[in-house]
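This structure is in structure tokens; I'll ask about it shortly.
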Amino acid sequence: ASLGALTPLASAQNCDKFETDLIAGQHIAAGEVNVTNSGSHLRIGIRPEHGWLLEEVHIYAGLDPVPLNGGGRPSPGQFPYKTDYDPPAGRHVEMIPLADLGTQCGDHLYLAVHCAVVKLDRHGNVIASETAWAFGTPFNKGWGWFFEYDLCCCNGQPPIDLSVGPLQIGRPADFLVTGAQAGDQVYFFVNRGLIQCDA
């Protein structure tokens, strides 16, 4: 079964977006990756372009450098934030609670974004596939990059947060946004990836 889950857009609250290219096959422009944060969440957005779509997303974010395997290469399959898309998707937004990272404003983060990207013909058949990385500093071995991001401080403003009631297929759910001010625009994004539900 599948279920669409809504997540809040992190309010940048005067935080500039960090942007970098998504590069497929070591040299093919395949889209862009952007990062910002609110007082409570790190937001990583991935937008493929030029006909590419996302099939898999693997993200590392942490205070420590990107972990490497015994051969000194990154292992994207071991990155903690993973999403598979079937069918492939035209966008991905990862919302990571800062509390999960043990971070606070001003902290220096290491990030790596790895994707499996595909192009489809008009019948939905895969006609091209590549691995892709967000551009940054190259790893010493293997191909791919990591990049760094300093968490923005949000000037003491309360973070925008979302609490969600129980999600059940075919039933309504309550969504409560807190921390927004009168007149603020609050955006929601739908994750259309499959969520496995026990019978």
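What is the sum of charges, Lys and Arg at +1 and Asp and Glu at -1, for the other residues whose Cβ falls under 13 Å from the Cβ of Asp64? List each step's numbers first, then the result.
Values: positive: none; negative: Asp107, Glu148.
Surrounding charge for Asp64 is -2.
On to the next question. Subtract the Cα-Cα distance of His50 and His27 from 0.36 nm times their separation in residues, and report this length gain in nm to one decimal.
Gain on extension, His50 to His27, equals 6.9 nm.
So, one more: Please compute the length gained on full extension between Asp174 and Arg73, using 0.36 nm multiplied by the number of residues separating them and subtracting their Cα-Cα distance. Could the numbers behind the result be given before it?
On the way: separation 101, 0.36 × 101 = 36.36 nm, distance 4.38 nm.
Extra length available between Asp174 and Arg73 comes to 32.0 nm.
Additional query: Within 10 Å, count the other beta carbons around each residue, average over each peptide in 61-68, 111-118, 26-33, and list them highest first.
For the peptides 61-68, 111-118, 26-33, the packing ranking is 111-118, 26-33, 61-68.
Ignoring everything but the protein chains, give the 1.4 Å probe accessible area of Arg47 in square angstrom, nearest 10.
Using a 1.4 Å probe on the heavy atoms, I get roughly 100 Å².
Now, a different point. Taking 7 Å along the Cα-to-C-beta vector as the label spot, tell me the Cys105-Asp150 distance in nanometres, rounded to one decimal.
1.4 nm
So for Phe146, Phe18, Phe79, what's the accessible-area order with a 1.4 Å probe, most first?
Accessible-area ranking of Phe146, Phe18, Phe79, largest first: Phe18, Phe146, Phe79.
Okay, next question. Name the long-range amide H neighbours of Leu120: under 5 Å, sequence gap of 5 or more, or other chain; modelled H, no Pro or chain starts.
Ile127
Enter the Cα centre distance for the pair segment 77-96 and segment 37-71, rounded to the nearest angstrom.
8 Å
Please list 34-44, 120-130 highest first by mean number of surrounding beta-carbon atoms within 10 Å per residue.
For the peptides 34-44, 120-130, the packing ranking is 34-44, 120-130.
Provide Rg over Rh for segment 48-126; use the alpha carbon set for both Rg and the Kirkwood Rh (inverse mean inverse pair distance).
Rounded to two decimals, Rg over Rh is 1.06.
The values are calculated or read from the model by the stated rules, or taken from the named source; none is laboratory data. Bear in mind the structure is a predicted one, so any value in this text is a computation, not a measurement. We place every Cβ from the backbone using ideal geometry, glycine too, and count neighbours over all the protein chains shown. To get the accessible areas, we keep the full protein, side chains included, count just its heavy atoms, and leave off ligands, DNA and RNA. Shrake-Rupley method; radii C 1.70, N 1.55, O 1.52, S 1.80 Å.
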